[in-house]
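Shown next, in C-alpha cells, is the structure this report addresses.
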Amino acid sequence: MSEISEEPQPTGTATPAGGGPADPTEAATMATVEEAFTEIDVDEPHVGIIMGSKNDKPKMEPAGKALEELGIRYEVRVMSAHRDPEMVREYCQNARMRGLKVIIAGAGMSAALPGVAAAHTDLPVIGVPILGKSLGGLDALLSAVQMPPGIPVACVAIDGAKNAGVLAGRIINA
Ligand code: RP5
C-alpha cells in the first residue's frame with residue numbers, strides 16, 4: 001500500500017510505448033479511453049507523507065500505519081524544504097493533479113517543510129513537528145505551527161505522527 005522513495009516520482013498521464021497510435025481514429029479512441037480512466041479512482045494514493053530527512057522515517061511510520069488501518073492509500077517521500085526546495089515545490093504543486101487529498105509533512109529542527117508545502121498547494125497540510133536533539137522539539141513545533149494568515153498548517157503534537165494519519169483520514173472521510 002505504501003511506497004517509500006527518496007526520488008521525485010514522474011507525474012502526468014502515462015503514454016503508450018512507441019509514442020501511441022498513428023491512426024487518427026485509433027488515437028481518438030485512445031484519448032476517450034484515457035479520459036475515462038482519469039475518472040476512475042484506480043490505486044493512486046490519497047495522502048502524501050513527506051519528511052525532511054530519511055532519519056525522520058521511524059517517527060513518521062505511525063502516520064502510515066494509521067492510514068493503513070483506515071484503508072487509505074498513501075505514499076512516502078523524503079524531501080527537505082532547505083536541502084531540496086525545488087523538489088518540495090514541484091511535489092506540492094502537482095499533488096492535487098496527482099490525486100492526493102492531504103499532505104502530511106514531518107520535520108525536525110527548523111521545521112519549514114509543513115509551511116513550505118502549504119505555500120505550494122491548497123490541499124490540507126498536516127504538520128508533524130519531530131523531536132530533535134535540542135530544545136525538546138519546541139523549535140520544530142513553533143516552526144510548524146506559527147504560520148501566517150492564509151497559509152494554514154494543521155499541526156499535531158511533537159512526534160504526533162499517528163494523529164496526523166488519523167486526522168488525514170477524518171478529512172478524507174468528512
Ligand atoms: C530536518 O532536520 C529533518 O526533518 C530532520 O528532522 C532534521 C535533521 O536532519 P538530518 O541531519 O537527520 O538529515 O530538516
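The values are calculated or read from the model by the stated rules, or taken from the named source; none is laboratory data. The model shown is predicted, which means the values in this text are computed figures rather than measured ones. Reconstructed Cβ throughout: ideal geometry from the backbone, glycine too, with neighbour counts over all protein chains shown.
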**Request:** Could you grab the pairs with beta carbons closer than 9 Å, sequence gap of 6+ or different chains, first residue in the range 89-108 and closer than 17 Å to residue 63 by Cβ, second one part of a strand (DSSP E or B) and basic (Lys, Arg)?
**Result:** 91/77
**Message:** Can you find a residue that is in a helix (DSSP H, G or I), under 25 Å from residue 169 (Cα atoms) and modelled with pLDDT of 95 or more anywhere in the range 24-38?
**Reply:** no
**Request:** Go over the candidates 43, 56 one by one and state the one that is surrounded by fewer than 12 Cβ atoms within 10 Å (Cβ to Cβ) and at pLDDT 70 or above.
**Result:** 43
